[in-house]
Amino acid sequence: MAQGSDADVTVVTPWYPSAQLPFRGSFVQAMVEAVAPTVRRLSVYHCDDWVSRMTPRQDAEVTAAAHALSGAARQVRPGPGGAEVVHLPVPIPAGTGYADNARRHAAMLRAVLGGTPLAGEVVHAHVGLPSGWAALHNLRPGARLFVTEHASFLPLILADADARARYGEVLARCTALFAVGDGVLDLLAGTFPRHADRIRLMPNPVSFAAGRQTPVRSLERWLYVGSLKVEKGVDLLLEAFAQCWAEDAALRLTLVGEGPLDGPLRARAAALGVADAVVLTGAVTPPEALRLMREHDLLVHNSRSETFGMVVVEALAAGLPVLVTRCGGPERTLAGIEYAAGGLVEVDDDPATFAAGYRRLRARFPEGLDLAYAREALAARYGYPAVAAAHHEAWFGSTPV
Amino acid sequence: MRVLFLALGATRRRAVVEESARVVAAGGDAVVLLGSAQPWAREDLDPRVRLVDLGELTAHTRPVRWAQALLVRLPRRAARLAGRGRLREPMGRAWRAYERGVAQPVHRRLVAPASVRWWRGPVLRREVAARGPFDLIVVADPLSMPDAARLLRHGVAGSRRSPRLAFVLGLGCE
């Protein structure tokens, strides 16, 4: 077995930044950037769901055509850290279930590989379904499979009997499965108690390379980065902002992202009389999101549930304090540095709770915070070198040279 | 570089808008083949990108025009001729019932799928040959894949070498 820097590693993922969805999978790209320099060769297969309404006949035609085109249209592109990236569309009829989705991913991967197995002696899949299962069915003999699970909709996957059975197959045959937070770990260990010993924690890596030029001096410019959907509590966030704005008209809120609440949020901002204080940017690229973090004063997240809360770490890496809910991920991500980093608020459907959290934070700003300390502590946990070393240790039982 | 985007399904419009803009910004030519112009009405495509509405071109092919004549124009003319005087109102009702119950469903279920299935391919090949040669064809959504596969199989008329195919233009370092 090759060791570390002599090894070929293959990453299979359904999420990776693209022109269509520039945000999706930036954490996979970060993982690739962190670990690629530590191995001989790292290849990424981005198996991208291309969803469309199709009749069964169209579905059959499209799938056959996709397989036929996969060889001619396959392009290997340079990725971060010297990795190679192959973008691979997986045509998916709208409404396809999780299990069938995984089967389609496996078939498309097989088609693009021309029937040969994945080259890596270590294959690392992001999420158990579809990519873990697709990788499992394209492994070469002797190859070891690792999986990182960070799907926020994992409970829905495990609620489906067929999908749960396929997930069980992945867990039974993988070497290890990494959960990005305790919530994911507990759910998987509870669902598959026989394989609980294979499940362990592994955080997503975050770059701490670029900090902030000038320190935060006030908490006036709020920033939200994420999907504009109910599960993220962004509608309640707007209500809380309006309450705080009524006390301080200098406050501003920037909502970065897209989703079904885009229109309703604009309408509600107008109804609340805060339209001039609220900006919705739509989706932006990860570098643009980082630039916005350096230009704002406070990251605000009123999410109902998070597996990890990567954006919280990214904000602190950019020198931005945070005000976030105890929704599963952030309280663990910020364990031990909650007060240095900003503030945590209970998940509550009353926006007054979040507004009260802001007032408490403002009352102890800036002396009550220690952003440099929080940043340093997070870099030691989630920085590229730390997470790359943890992957290397798991894959090869040694630290990278 | 001359790039053709096959975007007949219109399900990945943002990618096509971004990537075609990048082609023209770099001094290249970008042609986008659409299945229908309607889903693109609100998209902010670079004005230098050329759009070709394949649905519109296919609707003007001889078989589709014949089908439309048989299904709509001839029955309408007959209804007008018959619907004079006291028969004007009942014939009007009958025509509307025919249009709703026969002409539109037959067009939707038979003529439209048949035009995509049988006549869009030749129109596509003709347009690609007329507007080419292209260095790269980007297959931009699932419903464009069967047409791309046929292009790959049959080649492009008048083109000595087949253009390269890709599913995405790429972002440089990814």
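The values are calculated or read from the model by the stated rules, or taken from the named source; none is laboratory data. Predicted model, so just to flag it, every value in this text is computed and none were measured. No Cβ is skipped: glycine too gets one built from the backbone with ideal geometry, and neighbour counts run over all protein chains shown.
I'd like to check something: does segment B:127-147 contain any residue that is more than 28 Å from A:GLN20 (Cα to Cα) and either surrounded by fewer than 12 Cβ atoms within 10 Å (Cβ to Cβ) or in contact with a helix residue (DSSP H, G or I) (Cβ under 7 Å, 6 or more places away or on another chain) (or both)? Yes, because at least one residue in segment B:127-147 is more than 28 Å from A:GLN20 (Cα to Cα) and either surrounded by fewer than 12 Cβ atoms within 10 Å (Cβ to Cβ) or in contact with a helix residue (DSSP H, G or I) (Cβ under 7 Å, 6 or more places away or on another chain) (or both).
So is A:VAL313 touching a strand residue (DSSP E or B) at 6+ places or on another chain (Cβ under 8 Å) and surrounded by fewer than 22 Cβ atoms within 10 Å (Cβ to Cβ) or not? So A:VAL313 does not fit the description; no. Pairs linking a residue in segment A:242-261 that is at positive phi to a residue that is in a strand (DSSP E or B), with Cβ atoms under 7 Å and 6 or more positions apart or on different chains, are A:GLY257/A:VAL225.
Of the residues A:ARG74, A:ARG41, the single one that is out of contact with any helix residue (DSSP H, G or I) (no Cβ under 7 Å at 6 or more places or on another chain), surrounded by fewer than 23 Cβ atoms within 10 Å (Cβ to Cβ) and not small (Gly, Ala, Ser) is A:ARG41. Just one of (1) more than 19 Å from the chain's Cα centre (by Cα); (2) at pLDDT 95 or above fails for A:GLY211. It is (2).
State all residues of segment A:91-105 that are within 9 Å of another protein chain (Cβ to nearest Cβ) and in contact with a Phe, Trp or Tyr (Cβ under 8 Å, 6 or more places away or on another chain); if no residue qualifies, say none. Answer for segment A:91-105, where residues must be within 9 Å of another protein chain (Cβ to nearest Cβ) and in contact with a Phe, Trp or Tyr (Cβ under 8 Å, 6 or more places away or on another chain): A:PRO91, A:ILE92. Has segment A:378-398 got at least one residue that is within 23 Å of A:LEU223 (Cβ to Cβ), assigned to a loop (DSSP other than H, G, I, E, B) and in contact (Cβ under 8 Å) with a residue 12 or more places away in the chain? No, every residue in segment A:378-398 fails to be within 23 Å of A:LEU223 (Cβ to Cβ), assigned to a loop (DSSP other than H, G, I, E, B) and in contact (Cβ under 8 Å) with a residue 12 or more places away in the chain.
Just so you know, in segment A:208-226 the residues that are in contact with a Leu (Cβ under 8 Å, 6 or more places away or on another chain), under 28 Å from A:SER305 (Cα atoms) and not aliphatic (A, V, I, L, M) include one that is surrounded by the fewest Cβ atoms within 10 Å (Cβ to Cβ), and it is A:GLU220.
Kindly indicate which of A:LEU158, A:LEU145 is without any contact (Cβ under 8 Å) to a residue 60 or more places away in the chain and part of a strand (DSSP E or B).
On the way: A:LEU158 fails: part of a strand (DSSP E or B).
That would be A:LEU145, the only listed residue that is without any contact (Cβ under 8 Å) to a residue 60 or more places away in the chain and part of a strand (DSSP E or B).
Taking the numbered list (1) within 23 Å of B:ARG164 (Cβ to Cβ); (2) buried (at least 18 other Cβ atoms within 10 Å of the Cβ); (3) among the β-branched types (Val, Ile, Thr) in turn, B:VAL64 passes all entries but (1). Could you please find all residues in segment A:71-89 being within 18 Å of B:VAL138 (Cα to Cα) and more than 9 Å from every other protein chain (Cβ to nearest Cβ)? Scanning segment A:71-89 gives A:GLY71, A:VAL76, A:VAL86. Within segment B:80-113, being more than 13 Å from the chain's Cα centre (by Cα) and surrounded by 14 or more Cβ atoms within 10 Å (Cβ to Cβ) holds for B:GLY83, B:MET91, B:ALA94, B:TRP95, B:TYR98, B:GLU99, B:ALA103, B:VAL106, B:HIS107, B:VAL111.
From the list B:VAL168, B:VAL116, B:VAL123, the lone residue that is in contact with a Ser or Thr (Cβ under 8 Å, 6 or more places away or on another chain), among the hydrophobic types (A, V, I, L, M, F, W, C) and either part of a loop (DSSP other than H, G, I, E, B) or at positive phi (or both) is B:VAL168.
Evaluated against (1) within 14 Å of chain B (Cβ to nearest Cβ); (2) not in a loop (DSSP other than H, G, I, E, B), A:SER131 falls short on exactly one condition, (1).
Please work out which residue is nearest to A:GLY25 (Cα to Cα), limiting yourself to segment A:52-70 and to residues that are more than 8 Å from chain B (Cβ to nearest Cβ) and touching a helix residue (DSSP H, G or I) at 6+ places or on another chain (Cβ under 6 Å). Residue satisfying both the conditions and the ranking: A:SER70.
If a residue counts only when it is free of Cβ contacts under 8 Å to residues at least 40 places away in the same chain and closer than 30 Å to A:ALA19 by Cα, which strands (runs of 3 or more DSSP E) contained entirely in segment B:1-111 have at least 2 such residues?
Details: elements: B:2-7, B:29-34, B:50-53.
Because the criterion is at least 2 residues that are free of Cβ contacts under 8 Å to residues at least 40 places away in the same chain and closer than 30 Å to A:ALA19 by Cα, the strands (runs of 3 or more DSSP E) in segment B:1-111 that meet it are B:29-34, B:50-53.
Inspect segment A:299-310 for any residue being surrounded by fewer than 24 Cβ atoms within 10 Å (Cβ to Cβ) and free of Cβ contacts under 8 Å to residues at least 24 places away in the same chain and give the result as yes or no. No, segment A:299-310 has no match at all.
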